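The values are calculated or read from the model by the stated rules, or taken from the named source; none is laboratory data. Computed from a prediction, not measured in an experiment: that's the story for all the values here. Every residue, glycine among them, receives a Cβ derived from its backbone with ideal geometry; neighbour counts consider all protein chains shown. When the accessible area is computed, the model is the full protein with side chains, heavy atoms only, and any ligands, DNA or RNA have been set aside. Shrake-Rupley method; radii C 1.70, N 1.55, O 1.52, S 1.80 Å.
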Amino acid sequence: MGNLSVALVESLEEIDAVRHLSRAFRQWLYDNYPDERAQIELYYSPEKFEAMLADLPKIHARPQGAMFLARLDGEIVGCVMQHEIAPGISEMKRLFVSDLARGSGAAQALCEASLAQAKKDGYRMMRLDTGHRQVAAQKLYRRLGFRERDAYYDIPDDLKPILLFFEREL
């Protein structure tokens, strides 16, 4: 389907691309799950979301964290991030691939890069959450060796029915 590459984010322009893709991910959730908009806004409230995007370089700073971008034929098409949530445990966040790259293998390549980096950085476990309707993501995570588990952080009752949690050893 084209030349696919995944690399660590290093420049300010790449951080801005991650922010853009993160906003696109939130919009994708709104567009695909309009009946869950209230829950999405609870999880990704506009003010908290923008504050989090401003702090991405701190939240996912090396060596405890990392951000990756996927490029297809040189065009940025996806991202994933990770950060430490406990000693030896990293969390994968905001995996997103644009419509242009769906089916290209970009999501799997991003996950594999994140898993490899976490292992290289000394983590023993990777955790993540995803939406209950994001079946393609769930299939990918299971294919990569993740198994479903209970919530690993406190979540509001309104979000419990729509979130799934996964982990795998590295």
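A compact table of results
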{"item": "Segment Tyr33-Asp16, extension gain: residue separation times 0.36 nm, minus the distance between their alpha carbons", "result": "3.6 nm"}
{"item": "Calculated FRET value between Arg124 and Leu8, using beta carbons and R₀ = 22 Å, to 0.05", "result": "0.55"}
{"item": "Fraction of beta bridges assigned by DSSP in the stretch 22-170 that are antiparallel (%, nearest 5)", "result": "90 percent"}
{"item": "Charge dipole magnitude, Cβ of K and R +1, D and E -1 - the chain, Cα centre, debye nearest 20", "result": "580 debye"}
{"item": "Whole-number percent relative contact order across the chain, with pairs defined as alpha carbons under 8 Å at least 6 apart", "result": "21 percent"}
{"item": "Rounded FRET efficiency, nearest 0.05, which uses the C-beta distance separating Ala136 from Glu75 and R0 of 22 Å", "result": "0.55"}
{"item": "For the chain: lysine pairs under 25 Å (alpha-carbon distance), excluding those fewer than 8 apart on one chain", "result": "13"}
{"item": "Computed label-point distance, nm, for sites Glu169 and Glu41 using a 7 Å Cα→Cβ extension", "result": "4.4 nm"}
{"item": "Selected from His20, Met52, Phe68, residue furthest toward positive end of dipole (the chain; charges at beta carbon)", "result": "Phe68"}
{"item": "The stretch 2-99: relative contact order as a whole-number percent, Cα under 8 Å and 6+ apart", "result": "33 percent"}
{"item": "Share of alpha-carbon pairs per 10 Å distance bin for the stretch 73-170, given as whole %", "result": "15, 48, 31, 6, 0"}
{"item": "By average C-beta atoms within 10 angstrom, highest first, the peptides 64-70, 14-20", "result": "64-70, 14-20"}
{"item": "Accessible solvent surface per residue of the stretch 61-153, calculated while the other protein chains remain in place, 1.4 angstrom probe, Å²", "result": "45 Å²"}
{"item": "Estimated [θ] at 222 nm from DSSP helical runs (n ≥ 4, -39500 (n - 2.57)) normalised by residues in the chain, nearest 500", "result": "-11500 deg cm²/dmol"}
